[in-house]
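All remarks here apply to the structure that follows.
The values are calculated or read from the model by the stated rules, or taken from the named source; none is laboratory data. Keep in mind it's a predicted model, so treat the numbers as computed, not measured. Cβ: placed from backbone, ideal geometry, glycine included. Neighbour counts: every protein chain shown.
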Amino acid sequence: MRIASLSPASTEMLFALGHGDDIVAVSHACDFPVSAQDLPRVTYPVLPEGLEAAEIDDAVRALTEAGRGLYGLDGDRLRALAPELIVTRGSMTAAGVSEEELQALLTRMDPRPEVIILDPTTIGEVLGDVRTLASATDSKDAAVDLIRDAADRIDRVRVTARGARRVRVAALEWLDPIRAAGLWTPQLIEYAGGDDVLGFAGEQSEPTSWEELTAMQPEVVVVMLRDSDAEQGLDEAEAFADELAATGARRVVAVDSAALFSRPGARLVSGLELVAHVLHPDRFPDAAAPVLEVLL
């Protein structure tokens with residue numbers, strides 16, 4: 001089967017299901033596993049380079065309200081690659097191609113490929129997407145193994161965290177303007193033995209303010225800058241060190257959001273294990289990935 005995967009999360013899941021050799025096209029943002037970087041790219045970023053954080057936030061909001069995506073589509077190249085299946089991200093965020101643009105392209109493709117649109121908002125729905133892809137690609141056995149491994153790791157974290165003192169946590173995916181992480185992130189925090197003071201499971205990320213954050217009295221602030229690594233998160237957090245210190249949090253850490261939190265794929269479980277380590281290092285001594293401390 002010839003597959004075009006137009007989002008990093010679906011690319012990761014298809015590789016995890018054993019279909020890396022079937023992928024003939026990916027998005028410009030698909031960078032994991034490393035071999036995905038060598039595949040033909042059929043999307044490009046809509047936003048210009050060099051925008052400040054506040055400008056990016058404004059531009060993303062405008063695109064979302066207009067029903068447009070953050071990815072432009074190279075329709076001619078995609079048609080030439082003749083995929084039988086196209087997997088893309090849905091409309092819950094702007095992180096993908098415009099569905100309208102994709103549908104217009106499909107009318108010019110013969111034969112017309114099957115299209116799967118993934119739009120998860122919770123951990124359960126992410127695992128459900130694994131089943132959806134497995135059904136479409138005849139890889140149900142691989143999906144069973146993948147889901148069983150994820151479920152076992154989630155259960156281990158929840159059992160180990162049981163009985164620990166709950167930690168008040170603020171997860172921030174943007175600092176200028178300040179925005180609380182949503183969707184599956186509050187679930188990860190809950191499973192890891194914390195209480196998310198700002199976000200709600202299954203809901204979109206929400207803008208907030210430094211005053212509101214301070215009023216919620218977080219003990220730990222996790223900076224998971226949208227689609228950025230821990231070093232980028234640390235740089236941004238250090239620019240707001242005074243505001244973060246004013247919240248009264250005893251710890252502020254930056255983590256690799258692009259790898260472990262932003263993308264609804266199998267690596268979210270590693271994100272859960274990392275959050276558990278941050279909140280309860282005595283119970284979870286091993287970090288799943290680097291955690292960078294912000295010195296206040």
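One table, with the values for the structure above:
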| quantity | calculated |
| --- | --- |
| Of the criteria (1) among the basic types (Lys, Arg); (2) touching an Asp or Glu at 6+ places or on another chain (Cβ under 6 Å); (3) within 27 Å of ASP152 (Cα to Cα), which one ARG250 fails | (3) |
| Criterion (under 12 Å from ALA276 (Cα atoms), touching a strand residue (DSSP E or B) at 6+ places or on another chain (Cβ under 6 Å) and surrounded by 14 or more Cβ atoms within 10 Å (Cβ to Cβ)) met by exactly one of VAL169, VAL157, VAL197, VAL221 | VAL169 |
| Unique residue being in a strand (DSSP E or B), touching a residue at least 24 places away in the same chain (Cβ under 8 Å) and closer than 24 Å to GLU101 by Cα when the list is ALA29, ALA25 | ALA25 |
| Matching residues in the range 24-49 - criterion: being under 10 Å from LEU6 (Cβ atoms), touching a Leu at 6+ places or on another chain (Cβ under 7 Å) and among the hydrophobic types (A, V, I, L, M, F, W, C) | ALA25, VAL26, VAL42 |
| In the range 105-145, the residues that are part of a helix (DSSP H, G or I) and acidic (Asp, Glu) | GLU125, ASP129, ASP141, ASP145 |
| Matching residues in the range 9-22 - criterion: being part of a helix (DSSP H, G or I), over 16 Å from ILE116 (Cα atoms) and touching a residue at least 24 places away in the same chain (Cβ under 8 Å) | ALA16 |
| Members of the range 97-130 that are crowded, with 20+ Cβ neighbours inside 10 Å and among the small types (Gly, Ala, Ser) | SER98 |
| Hits in the range 84-104 - residues which are assigned to a loop (DSSP other than H, G, I, E, B), at pLDDT below 95, more than 14 Å from the chain's Cα centre (by Cα) and not small (Gly, Ala, Ser) | none |
